[in-house]
1. Output the helices (runs of 4 or more DSSP H) that fall wholly within the range 24-125 and possess 3 or more residues being of a type in the set (Val, Ile, Thr), assigned by TED's automatic domain parsing to the domain that holds residue 356 and at pLDDT 80 or above, or say none.
2. Against the conditions (1) at pLDDT below 90; (2) farther than 28 Å from residue 22 by Cβ, where does residue 352 fall short? Just the number, please.
3. Look through the range 14-45, keep the residues that are β-branched (Val, Ile, Thr) and more than 15 Å from the ligand (Cβ to nearest atom), and return whichever of them is nearest to the chain's Cα centre (by Cα).
4. If you scan the range 338-390, which residues turn out to be acidic (Asp, Glu) and either over 18 Å from residue 47 (Cα atoms) or touching a Leu at 6+ places or on another chain (Cβ under 6 Å) (or both)?
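The values are calculated or read from the model by the stated rules, or taken from the named source; none is laboratory data. If you're wondering where the values come from, they're calculated on a predicted model, not measured in any experiment. Ideal geometry is used to build each Cβ from the backbone, glycine not excepted, and the neighbour counts take in all protein chains shown.
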Amino acid sequence: MNSFLSELLENNIIICPDCRSDRMRLADTQISCRECGHQWPVRNDVPDFFNQYHDTTGIHRVDPTHPDHGSEEDRELIDIIMRALALDHTDHYEAVKDIVSRARTWSCHDQALSAEINHLKDRFAPAAHTVPQHPDIPATANSAPSIELVRHYFPEKAVAGGRIRGNIRVKNTGVSTWSSRTSVPLYLSMFWTDHDQTRIDLKADLVFLPVDIVPGRSISIPMHTPVPLKNGTYRVHACLLLRGESTGVVSQCGFKIKVVSPPSTVKEKFLSFFIRPSTPSVCPIFKAAIPDYGQDHAAGLGIFTSQLKKLDRRFTHVLEVGSGTHPQTAWLPQCKVVALDISSPMLELGSLFFAQQSIPLKPAFMCADAFYPPFKEESFDAIAMFSALPGWPPKIPQSWPLENPPSIKSR
Ligand SMILES: [Zn+2]
């Protein structure tokens, strides 16, 4: 058992997601609540406090005689994962085979969460293939797309000729999935119209969709747009563009932005500060291609570690939400990390990987719904997230106890 996980259990930091009791007991392959009796499995050293899956194949997955077990596609993916994580074949092949099989066949009540659990192939295979194959994309993807602008976080004013950025939330109101992973990718973009509803000719950015968006689902995405050169009141629209086509599908109505002259006096320069977008300059911007996660994460880690120094602790307790296989905070010195994710298969691979690394403080991998973190309040010093929001469910679960939401405060 991971030593930090044992420490958290011994100190009654881990609590029952159902009854919130801290009377949790670890047995060999499960953790149980001594208060309400609920039990959660522990697989490859990863407790699963979510554990709400059904098997989409209807086949008992550990039946080795069934033809579905160990398909050609699975074998290829197992090899890719073993190589990527430098896992020893003799020691780990069966474990990885079981993880891959579960990742493919498991599903849960929420489509967005199921996608996170199923998409093991996307996480590992694209790096190994020059031309990624995505058999999971529906054949109808990107046909007759339709978009609705749900809300935006752009400033009300912008300086003529400048650039502004902000988040927009858009909804797929069509009948087909949006995907940027197809051979003719669908991109998100923005454009401006003036008071005559004439389109302004600006070189707009094309933004890659970080995940496929099924009909009915919304996503929040950071956007970046040049501002027209002339003062006036404009509307800014979200649109979808298929590569190679100059026209695209446009949201029904945009939002209003007033474009003003660049400041000339000291006072105006001072005031202009307040009409800049409040988004910090380190906000990751998705470019027309797949974003460079390496650079983005390095910048994020830099900010995070500078904040940790201020805490001045001997050991910092860090919760990394949406960590997947490789928590970014795992290599920070003097940090005890819980790597939380909704995908048990991703975490189990991380657990196998870190088990063979010679670092003193190995991250504790834990599967749970981040909306219901199974921890006592004030039990972490810091919480980190890296590129996790695009995989977030479209809305907060209805059962969220609004009057008394589960929360985690700095200890
Ligand atoms: Zn309980």
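1. The helices (runs of 4 or more DSSP H) meeting that bar are 72-84, 89-105.
2. Condition not satisfied by residue 352: (1).
3. Filtering first and then ranking leaves 42.
4. Matches in the range 338-390: 341, 377, 378, 381.
Matching residues to (1) buried (at least 19 other Cβ atoms within 10 Å of the Cβ); (2) charged (D, E, K, R); (3) modelled with pLDDT under 85:
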residue	(1), (2), (3)
182	no, no, yes
203	no, yes, yes
207	yes, no, yes
212	yes, yes, no
215	no, no, no
247	no, no, yes
